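**Q** What follows is a single structure, and I will ask about it in a moment.
The values are calculated or read from the model by the stated rules, or taken from the named source; none is laboratory data. All values reported here derive from a predicted model rather than from experimental measurement. Note that we place each Cβ from the backbone using ideal geometry, even for glycine, and neighbour counts take in every protein chain shown. Side chains are part of the model used for accessible areas, which takes the heavy atoms of the whole protein and leaves out ligands, DNA and RNA. Shrake-Rupley method; radii C 1.70, N 1.55, O 1.52, S 1.80 Å.
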Amino acid sequence: MPERRTVALVTLGCARNEVDSEELAGRLEADGWQLVEDAADADVAVVNTCGFVEAAKKDSVDALLEANDLKDHGRTQAVVAVGCMAERYGKELAEALPEADGVLGFDDYANISDRLQTILNGGIHAAHTPRDRRKLLPISPAERQDAGAEVVIPGHGPADLPEGLAPASGPRAPLRRRLDGAPVASVKLASGCDRRCSFCAIPSFRGSFISRRPSDVLNETRWLAEQGVKEVMLVSENNTSYGKDLGDIRLLESLLPELAEVDGIERVRVSYLQPAEMRPGLIDVLTSTPKVAPYFDLSFQHSAPGVLRAMRRFGDTDRFLELLDTIRAKAPQAGVRSNFIVGFPGESEADLAELERFLNGARLDAIGVFGYSDEEGTEAATYENKLDEDVVAERLAHISRLAEELVSQRAEERVGETLHVLVESVDAEEGAHGRAAHQAPETDGQVLLTGGEGLSVGRMVEAKVVGTEGVDLVAEPLTGTFARSEEAGR
């Protein structure tokens, strides 16, 4: 009988990383590895790192060091780094962090089982030399699908596995193994990005934009529904570009209704939308399709024209407010969130005031604020007109305070609204918690359901908002009513 091999996956960063971890889990389980939740119970701890900003990179290093400590008093024999930070730095990370027994890039994912076995046996798999992954695919989007078959792209595993490898649900099962039993799961719509924002390094290590085929996305959603998932969240670096390499930039508009019709799925959510690429047809589908959440995760980043141009982005305060007015005219309860960078090189006091003007008029449900810092390899890192760190910190604190006040005010505006809430946790002491259509997992607050005895995880409940706790809402389930489709706000 083969020796029992155990592995634990520790995931940091965004929802895209979570999908990648579940692909790795699927590959490992198919090759006989036993997946365990606690790294202390695993022969190998695999840390899926984030390489986006400095704080995320620090968290990744801390997670690797914490896993390494287990080797002194636990079962763990090896710690391996994968993910964006491992891909971005390769040999440099391996040399700087000898506590990691292996640093594997995306090209290693297809052979992850062999790589871990080599490391577990005491062998060495040399860390890769990082390369610009944008150069792996043709410049022309129309030529990428054929070329993509020769490139390892995390989260783009085949939707139909050979007999013997697919999980019990049959040949529709994707190359994926769920790592939790939550009623919500992310589905990767595409990978990479063709935009050249001056502050962002992601395209260099995630590569050029390439869509997954609609049939693969649909098959994976059907499989997730069979696993008990009620809400799917479509993720990529830029969902508004979906389909451009498949010959149809409006492909998302036709795919969303099909996903909403999958048996068992109660809500479909789209994340990561570019304001400059929003189009009337997409807004119509997002605001009028039953079971598709009227939710807009719009990447504004700033609203002062000069700062946006320096960022290699487009738009301004008035155009952004006009876009929001268009959305809310179609769906008054639509949820909108965004992230912003303050202290960007050359940002003036007038630019900051312009950003405040936008935030005060935008009525956003959730706001993320980041202070600018150089990311190596980006155009902005070469700019000369940098602001002092204390100025950046001061502006970050100021806009963060404003953001907190504004999202609390927006939550208060929702008192009296009727929402459809997906129950995600039920606790005897803390009660039932869930999320409404305007709340994405982990980023946008939640709903506390009062007097919801008998509720269970995975139920979609109709509830009336009766109070707020900061960005969070307090709601009372409407007696005897359980929502069957996500139509709130339409």
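**Q** Between a first residue in region 281-309 that is over 21 Å from G368 (Cα atoms) and a second residue that is among the hydrophobic types (A, V, I, L, M, F, W, C) and open to solvent by 20 Å² or more (accessible area, probe 1.4 Å), which pairs have beta carbons less than 8 Å apart while being 6 or more apart in sequence or on different chains?
**A** Every condition considered, the pairs that remain are V292/V285.
**Q** Right, another one. Among (1) farther than 18 Å from V474 by Cα; (2) out of contact with any Asp or Glu (no Cβ under 7 Å at 6 or more places or on another chain), where does V415 come up short?
**A** With (1) farther than 18 Å from V474 by Cα; (2) out of contact with any Asp or Glu (no Cβ under 7 Å at 6 or more places or on another chain) applied to V415, the lone miss is (1).
**Q** Determine which member of the set D69, D41, D62 is open to solvent by 10 Å² or more (accessible area, probe 1.4 Å) and farther than 24 Å from R4 by Cα. It would help to see each step written out before you state the result.
**A** Numbers: D69 fails: farther than 24 Å from R4 by Cα; D41 fails: farther than 24 Å from R4 by Cα.
Result: D62 is the single residue among D69, D41, D62 that is open to solvent by 10 Å² or more (accessible area, probe 1.4 Å) and farther than 24 Å from R4 by Cα.
**Q** Further, regarding this structure: Would you check if D69 is among the acidic types (D, E), at pLDDT below 85 and more than 17 Å from the chain's Cα centre (by Cα)? It would help to see each step written out before you state the result.
**A** Details: among the acidic types (D, E): yes; at pLDDT below 85: yes; more than 17 Å from the chain's Cα centre (by Cα): yes.
Answer is yes for this residue.
**Q** Follow-up. All but one of (1) in contact with a Lys or Arg (Cβ under 8 Å, 6 or more places away or on another chain); (2) over 14 Å from Q301 (Cα atoms) hold for N360, so report the exception by its number.
**A** Of everything listed in (1) in contact with a Lys or Arg (Cβ under 8 Å, 6 or more places away or on another chain); (2) over 14 Å from Q301 (Cα atoms), N360 misses just condition (1).
**Q** Turning to a different aspect of this structure: Taking into account only those residues within region 181-198 that are small (G, A, S) and not in a strand (DSSP E or B), which is farthest from F370 (Cα to Cα)?
**A** Top of the filtered list is G181.
**Q** Moving on. Tell me which of these E54 doesn't satisfy, since it passes every other one: (1) modelled with pLDDT of 85 or more; (2) in contact with a Ser or Thr (Cβ under 6 Å, 6 or more places away or on another chain); (3) surrounded by fewer than 17 Cβ atoms within 10 Å (Cβ to Cβ).
**A** The failed condition is (1).
**Q** Of all the residues that make up region 354-370, how many are surrounded by fewer than 16 Cβ atoms within 10 Å (Cβ to Cβ) and in contact with a strand residue (DSSP E or B) (Cβ under 8 Å, 6 or more places away or on another chain)?
**A** Selection size over region 354-370: 2.
**Q** Out of everything in region 1-38 that is of a type in the set (S, T, N, Q) and assigned to a helix (DSSP H, G or I), what residue ends up being surrounded by the most Cβ atoms within 10 Å (Cβ to Cβ)? Can you show your working first?
**A** Of the residues in region 1-38, the ones of a type in the set (S, T, N, Q) are 6, 11, 17, 21, 34.
Imposing the further condition that a residue be assigned to a helix (DSSP H, G or I) reduces the set to 17, 21.
Values: N17: 22, S21: 25.
Among them, the one singled out is S21.
**Q** What is the number of the single condition among (1) part of a helix (DSSP H, G or I); (2) of a type outside the set (A, V, I, L, M, F, W, C); (3) surrounded by fewer than 14 Cβ atoms within 10 Å (Cβ to Cβ) that S113 does not meet?
**A** It is condition (3) that S113 fails.
**Q** Only residues in region 201-229 that are on the phi > 0 side of the Ramachandran plot and modelled with pLDDT under 95 count as the first member; pair them with residues that are open to solvent by 40 Å² or more (accessible area, probe 1.4 Å) and not in a loop (DSSP other than H, G, I, E, B), Cβ under 7 angstrom, at least 6 apart or cross-chain, and list the lot.
**A** So the pair list comes out as G207/R134; G207/L136.
**Q** Also: Restricting attention to strands (runs of 3 or more DSSP E) lying wholly within region 247-353, give those where 3 or more residues are modelled with pLDDT of 95 or more, under 22 Å from the mean Cα position of the chain (by Cα) and surrounded by 23 or more Cβ atoms within 10 Å (Cβ to Cβ).
**A** Values: elements: 267-270, 295-297, 335-342.
Counting at least 3 such residues, we get 267-270, 335-342.
**Q** Out of region 199-219, which residues are assigned to a helix (DSSP H, G or I) and of a type outside the set (G, A, S)? Quick ask: steps written out before the conclusion?
**A** Restricting attention to region 199-219, the residues satisfying the condition of being assigned to a helix (DSSP H, G or I) are 202-206, 214-219.
Across region 199-219, the qualifying residues are I202, P203, F205, R206, P214, D216, V217, L218, N219.
**Q** Please enumerate the residues belonging to region 36-53 that are under 23 Å from the mean Cα position of the chain (by Cα) and closer than 16 Å to Y109 by Cβ.
**A** Passing the criteria: V46, V47, N48, T49, G51.
**Q** A further question follows. Out of the residues in region 221-242 that are small (G, A, S) and buried (at least 21 other Cβ atoms within 10 Å of the Cβ), state the one that is nearest to the chain's Cα centre (by Cα).
**A** To start, the set of residues in region 221-242 that are small (G, A, S) comprises 225, 228, 236, 241.
Now restrict to residues that are buried (at least 21 other Cβ atoms within 10 Å of the Cβ): 236, 241.
Working: S236: 7, S241: 16 Å.
Among them, the one singled out is S236.
**Q** Would you please name the residue that is nearest to G247 (Cα to Cα), looking only at residues in region 126-148 that are out of contact with any Gly (no Cβ under 8 Å at 6 or more places or on another chain) and open to solvent by 50 Å² or more (accessible area, probe 1.4 Å)?
**A** E143
**Q** For region 371-472, which fully contained strands (runs of 3 or more DSSP E) count at least 3 residues that are open to solvent by less than 30 Å² (accessible area, probe 1.4 Å)?
**A** Numbers: elements: 418-427, 431-435, 447-449, 460-469.
Here the list reads 418-427, 431-435, 460-469.
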